[in-house]
Amino acid sequence: MMIQMESTAAPAGVVARYVTWTPAILGALAATAISSILLAFGATVGLGISSAAPTWRDASAALWLLSGLFLIIQAALSFGVGGYIAGRTSVGLAATDPAEVERRDGAHGLAAWAIAVVLGVALAALLGSATLSRTNNTGISSRTSAAEPLLSYELDRLFRAARRPPANVDLSQERAEAGRILLTSSSHSGMSSEDRGYLTQLVAANTGLAGPEAERRVDAVIASAQTAIAKSRRSSVILAFSIAAALLLGAVIAWAAAEVGGRHRDGAQLPHWMRTREHGVYRRGAA
């Protein structure tokens, strides 16, 4: 059985561009869409190595590694599809060196990878700016701190009163100040004795606890905050390495997939691992 592939080579006498941006953009859009779907799926099922929720700190190292592996796999799949589409839909070169054709197809895959990365960064920046604008519009941004998402449980424990406080009591400013103090516990020198004493006074004044009991609570919360911050740093390191590895591997896969797409476009034999067990001959469509 003969399989005839239609030629997509440039007509004779017409100089084809080395990189055609339409296939590259098409592949980038496909890669971005697939990556968004897979990332949303991973976040939904809990494959997130960092989170603002207190429960994420109970995750094991295996879950962190599995989340990093998921990032790499989704990048390989999305950039592979995008690179293949870019190479498959690009215009071939007629009567030229096959190695040059493969390099040109690979360049289309690399261009699709680069555009997809830029689109992903732009989408992330857009979502981040929208979140920040909503936070600023609430009018309480000056009374919150960066510790509130990370150490929200510790702050709840710190200001937990023996009796139910009145409904009109607002501890936002005290929580923000205590959160900034707790963040200093992860420094090399640790929390200063002055800050520790002030935090004890702050807890005693807002919870009604006696001095020794407030001091014991502050010590327990400081130890818990140090553990939480250390785990957050480890997860951030894993996240950074996973993103870097996923993007670099995605560039390689996009290049290789674009070469495969170019082979499929020209009717040439696909790589051995992609061939089907059929009796037939593939013939290049290029003249």
Checklist outcome for this item: Within region 16-73, restricting to residues that are assigned to a loop (DSSP other than H, G, I, E, B) and over 30 Å from E148 (Cβ atoms), the one that is modelled with the highest pLDDT is T20
Next on the checklist: I'd like to verify a number: residues in region 235-248 that are among the hydrophobic types (A, V, I, L, M, F, W, C) and either in contact with an Asp or Glu (Cβ under 8 Å, 6 or more places away or on another chain) or surrounded by fewer than 17 Cβ atoms within 10 Å (Cβ to Cβ) (or both), how many?
Outcome noted: 7
Item to check | Number of positions in region 71-123 that are among the basic types (K, R) and without any contact (Cβ under 8 Å) to a residue 60 or more places away in the chain | outcome: 1
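One line per residue, one yes/no per condition, for (1) buried (at least 17 other Cβ atoms within 10 Å of the Cβ); (2) modelled with pLDDT of 90 or more; (3) in the same structural domain as A268 (by TED's automatic domain parsing):
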position	(1), (2), (3)
A76	yes, yes, yes
G82	yes, yes, yes
T96	no, no, yes
G109	yes, yes, yes
L127	no, no, yes
A130	no, no, yes
A147	yes, no, no
Next on the checklist: Give me the residue from region 177-212 that is hydroxyl-bearing (S, T, Y) and surrounded by fewer than 18 Cβ atoms within 10 Å (Cβ to Cβ) and, out of that set, nearest to A161 (Cα to Cα).
Outcome noted: Y198
Checklist entry - Consider L209 against the criteria (1) assigned to a helix (DSSP H, G or I); (2) over 17 Å from T184 (Cβ atoms): it satisfies all of them except one. Which criterion is unmet? => result (1)
Next on the checklist: Under 9 Å between Cβ atoms, which residue pairs at least 6 apart in sequence (or on different chains) link something in region 30-42 that is assigned by TED's automatic domain parsing to the domain that holds L65 and over 21 Å from A86 (Cβ atoms) with a partner that is at pLDDT below 95 and not in a helix (DSSP H, G or I)?
Outcome noted: F41/L47; G42/G48
Checklist entry - Got a sec? Which of A246, A254 is touching a helix residue (DSSP H, G or I) at 6+ places or on another chain (Cβ under 7 Å), more than 20 Å from S67 (Cα to Cα) and at pLDDT 90 or above? => result A254
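The values are calculated or read from the model by the stated rules, or taken from the named source; none is laboratory data. Treat the numbers as computed from the prediction; the structure is a model and nothing was measured. With ideal geometry, Cβ positions are generated from the backbone for all residues, glycine too; neighbour counts draw on all protein chains shown.
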